[in-house]
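A.B. asks: Okay, handing you the structure first.
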Amino acid sequence: MRLNPILVVLCLLLVSTDCYPQGQKELPSADLIITNAYVVTMNEGKDIFPNGAVVVQGSRIVAVGGAEIARNFKAARTIDAQGGIVLPGMVNTHTHVSMTVFRGLADDVPDRLRRFIFPLEKMMVDRDLVYWGALHGSVEMVQAGVTTYADMYYFEDEVARAAKEIGIRALLGETVIGFPSPDAQTPAEGIEYARKFINAYKNDPLVTPALAPHAPYTLDAQQLRTVGEEARAMDVPVLIHLAETTREVETVRKLSGKTPVEYLDSVGLLDRRLLAAHCIYVTDSDIELLKTRGVGISHNVVSNIKSAKAVAPALRMFDLRLRIGLGTDGPMSGNTLDIIGQMGYVAKLHKLVNQDQTVMPAIKVVEMATIGGARALHMEDSIGSLEPGKLADVVIIDNDSVNMVPMYDVYSSLVYAANARDVRTTIIHGRIIMENRQMKTVDVEKIKAAVRSISKKIAAAAAKL
């Protein structure tokens with residue numbers, strides 16, 4: 001066939017002026033693309049892409065959708081999810097991560113908080129213990145698909161150091177309490193310690209520093225007011241235990257004639273800065289007040305039932321659209337730090353107490369574990385769902401393990417069948433922290449050895465109590 005020379009020249013001109021068809025233009029670059037994924041977005045529409053992809057550039061997600069979106073980017077790295085569930089990282093809304101070193105000690109005994117925890121903390125807690133305990137607990141969370149956690153403890157600057165070393169996102173509250181503690185002799189010293197910690201980590205990409213008054217019954221009204229004033233002045237969150245025990249309710253009632261929730265409102269702490277753990281013993285008016293004030297709530301079902309307290313009205317709070325997420329509490333209280341292990345209990349226990357097997361369906365529980373936790377931390381604009389523009393906190397969960405086959409409904413599989421060891425890969429802030437069950441940032445064996453060494457000293461001290 002004879003070529004028309006005019007057409008040849010036109011084609012050469014098109015090439016020289018880079019007039020390619022749309023599909024042939026140079027593709028935008030991405031740092032990471034996850035392909036061959038069962039993508040569960042947890043966005044407002046609960047969109048699912050059974051053969052989907054997630055595209056990450058830097059610390060943020062730039063695209064989520066069907067497999068075809070991967071063809072629109074040129075990736076520096078691609079992860080084949082092998083059909084696994086790709087989910088937003090889970091949020092642990094309440095813990096005391098460094099207490100991994102006390103895990104399993106004095107279980108099944110009455111009043112262990114006063115008989116064992118407080119005395120052992122007074123004797124044993126120092127910077128070294130807090131640092132190694134935080135490393136240990138953070139590894140456990142990463143391995144279980146937790147990408148963000150909220151913590152209250154002492155020496156929170158050491159917890160922050162560990163979180164940065166691991167690469168996990170953390171909201172860290174420096175404890176303020178009304179008696180001598182490991183890092184402060186008075187509440188005023190605790191606030192000063194917190195102030196230095198906050199200044200050191202303000203605007204950090206992973207660590208959000210906060211104030212953590214222990215509870216309404218361990219600080220007086222003026223001390224609680226001072227914490228609120230400091231939080232507003234420094235523009236930081238506040239973490240607290242609230243309405244956790246009948247003793248607390250009785251103490252606050254005798255002191256003020258109010259419920260613990262009403263009491264916190266009266267001293268100026270009940271607002272959008274607050275993340276309240278437990279909220280078991282709350283009235284209908286308390287729930288309405290928590291909603292009106294925009295308070296975040298952490299539902300710690302396993303810890304609460306293990307200590308024989310009660311079941312918080314979490315289902316009612318969720319249905320009334322309060323900011324409620326799931327927490328583990330400290331590893332001396334609930335013993336584990338993974339949210340996957342909480343989910344089945346949340347669903348089943350609320351069915352039991354409501355005598356209705358249709359309530360608290362799996363989809364609600366997964367929402368609490370992800371975007372619900374983000375709302376509780378007032379961080380839903382940046383984490384909790386897989387959406388363009390949000391931070392790239394992503395987990396890949398194996399759905400080929402024996403316990404996950406077959407999978408008819410992804411939410412049911414996650415809540416009723418999955419376990420922490422099904423988490424294969426954890427990505428935080430766009431960085432691969434664990435891949436194929438292998439930690440990329442720390443030496444796990446070294447951490448376990450350090451914790452074993454600390455535990456020997458703790459056992460010796462506990463034997464004398």
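A.B. asks: In the stretch 150-172, which residue that is in a strand (DSSP E or B) and not acidic (Asp, Glu) is nearest to Phe102 (Cα to Cα)?
C.D. replies: Tyr153
A.B. asks: Tell me, please, whether a residue that is closer than 30 Å to Lys291 by Cα, crowded, with 16+ Cβ neighbours inside 10 Å and modelled with pLDDT of 95 or more can be found in the stretch 393-402.
C.D. replies: Narrowing the stretch 393-402 to residues closer than 30 Å to Lys291 by Cα: 393-394.
Okay, now just the ones that are also crowded, with 16+ Cβ neighbours inside 10 Å, so 393-394.
Among the residues that remain, those that are also modelled with pLDDT of 95 or more are: 393-394.
Yes; the residues of the stretch 393-402 include at least one that is closer than 30 Å to Lys291 by Cα, crowded, with 16+ Cβ neighbours inside 10 Å and modelled with pLDDT of 95 or more.
A.B. asks: Additional query: Can you pull out every residue in the stretch 294-311 that is within 18 Å of the chain's Cα centre (by Cα) and part of a loop (DSSP other than H, G, I, E, B)?
C.D. replies: Within the stretch 294-311, Val295, Asn300 qualify.
A.B. asks: Taking the stretch 367-408, which residues are in contact with a helix residue (DSSP H, G or I) (Cβ under 7 Å, 6 or more places away or on another chain), farther than 29 Å from Gln57 by Cβ and of a type outside the set (A, V, I, L, M, F, W, C)?
C.D. replies: Ser401, Asn403 - these are the residues of the stretch 367-408 that are in contact with a helix residue (DSSP H, G or I) (Cβ under 7 Å, 6 or more places away or on another chain), farther than 29 Å from Gln57 by Cβ and of a type outside the set (A, V, I, L, M, F, W, C).
A.B. asks: If only one of Ile34, Ile61, Ile48 is among the β-branched types (Val, Ile, Thr) and surrounded by fewer than 17 Cβ atoms within 10 Å (Cβ to Cβ), which one is it?
C.D. replies: Residue meeting the stated conditions: Ile48.
Residue-by-condition table, conditions (1) hydrophobic (A, V, I, L, M, F, W, C); (2) modelled with pLDDT of 95 or more; (3) on the phi > 0 side of the Ramachandran plot; (4) surrounded by fewer than 19 Cβ atoms within 10 Å (Cβ to Cβ):
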{"site": "Asp107", "(1), (2), (3), (4)": "no, no, no, yes"}
{"site": "Asp111", "(1), (2), (3), (4)": "no, no, yes, yes"}
{"site": "Met123", "(1), (2), (3), (4)": "yes, no, no, yes"}
{"site": "Arg127", "(1), (2), (3), (4)": "no, yes, no, yes"}
{"site": "Val130", "(1), (2), (3), (4)": "yes, yes, no, no"}
{"site": "Val142", "(1), (2), (3), (4)": "yes, yes, no, no"}
{"site": "Tyr149", "(1), (2), (3), (4)": "no, yes, no, no"}
{"site": "Ala162", "(1), (2), (3), (4)": "yes, yes, no, no"}
{"site": "Ala170", "(1), (2), (3), (4)": "yes, yes, no, no"}
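A.B. asks: Looking at the structure I just gave you, is Arg424 surrounded by 14 or more Cβ atoms within 10 Å (Cβ to Cβ), within 11 Å of Ile166 (Cβ to Cβ) and either touching a Lys or Arg at 6+ places or on another chain (Cβ under 6 Å) or not hydroxyl-bearing (Ser, Thr, Tyr) (or both)?
C.D. replies: Judged against the criteria, Arg424 is not a match.
A.B. asks: Of the residues Gly190, Gly257, Gly173, Gly167, which is small (Gly, Ala, Ser) and more than 29 Å from His136 (Cβ to Cβ)?
C.D. replies: Gly257
A.B. asks: Restricting to the stretch 145-167, and then to whatever is of a type in the set (Val, Ile, Thr) and touching a strand residue (DSSP E or B) at 6+ places or on another chain (Cβ under 6 Å), can you tell me which residue is farthest from Thr93 (Cα to Cα)?
C.D. replies: Val159
A.B. asks: Another question about this same structure. Report yes if Tyr411 is closer than 23 Å to Ile61 by Cα, out of contact with any Pro (no Cβ under 7 Å at 6 or more places or on another chain), part of a helix (DSSP H, G or I) and aromatic (Phe, Trp, Tyr), otherwise no.
C.D. replies: Here the answer is yes, as Tyr411 does meet what is asked.
A.B. asks: Starting from the stretch 11-39, take each residue that is closer than 15 Å to Ile69 by Cα and among the polar types (S, T, N, Q) and list its partners that are assigned to a loop (DSSP other than H, G, I, E, B) and modelled with pLDDT of 50 or more, counting only C-beta distances under 9 angstrom and pairs at least six apart or across chains.
C.D. replies: Taking only residues 6 or more apart or on different chains, the pairs are Ser29/Phe73; Ser29/Ala76; Thr35/Ala81; Asn36/Ala81; Asn36/Gln82; Asn36/Gly83; Asn36/Gly84.
A.B. asks: For the stretch 303-344, give me the residue count where each residue is surrounded by fewer than 17 Cβ atoms within 10 Å (Cβ to Cβ) and more than 20 Å from Val101 (Cβ to Cβ).
C.D. replies: Residues in the stretch 303-344 being surrounded by fewer than 17 Cβ atoms within 10 Å (Cβ to Cβ) and more than 20 Å from Val101 (Cβ to Cβ): 8 in total.
A.B. asks: So Glu189 fits all but one of (1) over 18 Å from Leu337 (Cα atoms); (2) assigned to a strand (DSSP E or B); (3) among the acidic types (Asp, Glu); what number is the exception?
C.D. replies: Of the numbered conditions (1) over 18 Å from Leu337 (Cα atoms); (2) assigned to a strand (DSSP E or B); (3) among the acidic types (Asp, Glu), the odd one out for Glu189 is (2).
A.B. asks: To continue, here is another question. If a residue must be closer than 30 Å to Gly58 by Cβ, modelled with pLDDT of 95 or more and surrounded by fewer than 22 Cβ atoms within 10 Å (Cβ to Cβ), how many such residues does the stretch 203-231 contain? Show your work before the answer.
C.D. replies: So the first thing to find is which residues in the stretch 203-231 are closer than 30 Å to Gly58 by Cβ, and the list is 203-210.
Checking which are modelled with pLDDT of 95 or more leaves us with 204-210.
If we keep only those that are surrounded by fewer than 22 Cβ atoms within 10 Å (Cβ to Cβ) as well, we get 204-206.
Adding up the residues that qualify gives 3.
A.B. asks: Filter the stretch 211-254 down to residues that are within 20 Å of Lys196 (Cα to Cα), part of a helix (DSSP H, G or I) and of a type in the set (Asp, Glu), then give me how many there are.
C.D. replies: 2
A.B. asks: Hey, among Val109, Val62, Val55, Val86, which residue is among the hydrophobic types (A, V, I, L, M, F, W, C), under 13 Å from Ala392 (Cβ atoms) and free of Cβ contacts under 8 Å to residues at least 40 places away in the same chain?
C.D. replies: None of the other options fit; the residue is Val55.
A.B. asks: Would you mind finding the one in Thr208, Thr175, Thr147 that is over 17 Å from the mean Cα position of the chain (by Cα) and assigned to a strand (DSSP E or B)?
C.D. replies: On the way: Thr208 fails: over 17 Å from the mean Cα position of the chain (by Cα); Thr147 fails: over 17 Å from the mean Cα position of the chain (by Cα).
Of Thr208, Thr175, Thr147, the one residue that is over 17 Å from the mean Cα position of the chain (by Cα) and assigned to a strand (DSSP E or B) is Thr175.
A.B. asks: Between Lys291, Lys258, which is assigned to a helix (DSSP H, G or I) and surrounded by fewer than 22 Cβ atoms within 10 Å (Cβ to Cβ)?
C.D. replies: Lys291
A.B. asks: Out of all the residues in the stretch 414-465, which are in a loop (DSSP other than H, G, I, E, B), in contact with a Ser or Thr (Cβ under 7 Å, 6 or more places away or on another chain) and touching a residue at least 24 places away in the same chain (Cβ under 8 Å)?
C.D. replies: Of the residues in the stretch 414-465, the ones in a loop (DSSP other than H, G, I, E, B) are 418-419, 429-430, 436-437, 440-443, 463-465.
Going one step further and asking which of them are in contact with a Ser or Thr (Cβ under 7 Å, 6 or more places away or on another chain), we end up with 429-430, 436.
Hits for the stretch 414-465 are His429, Gly430.
The values are calculated or read from the model by the stated rules, or taken from the named source; none is laboratory data. Since the structure is predicted, the reported quantities are computational estimates derived from the model, not experimental observations. Every residue, glycine among them, receives a Cβ derived from its backbone with ideal geometry; neighbour counts consider all protein chains shown.
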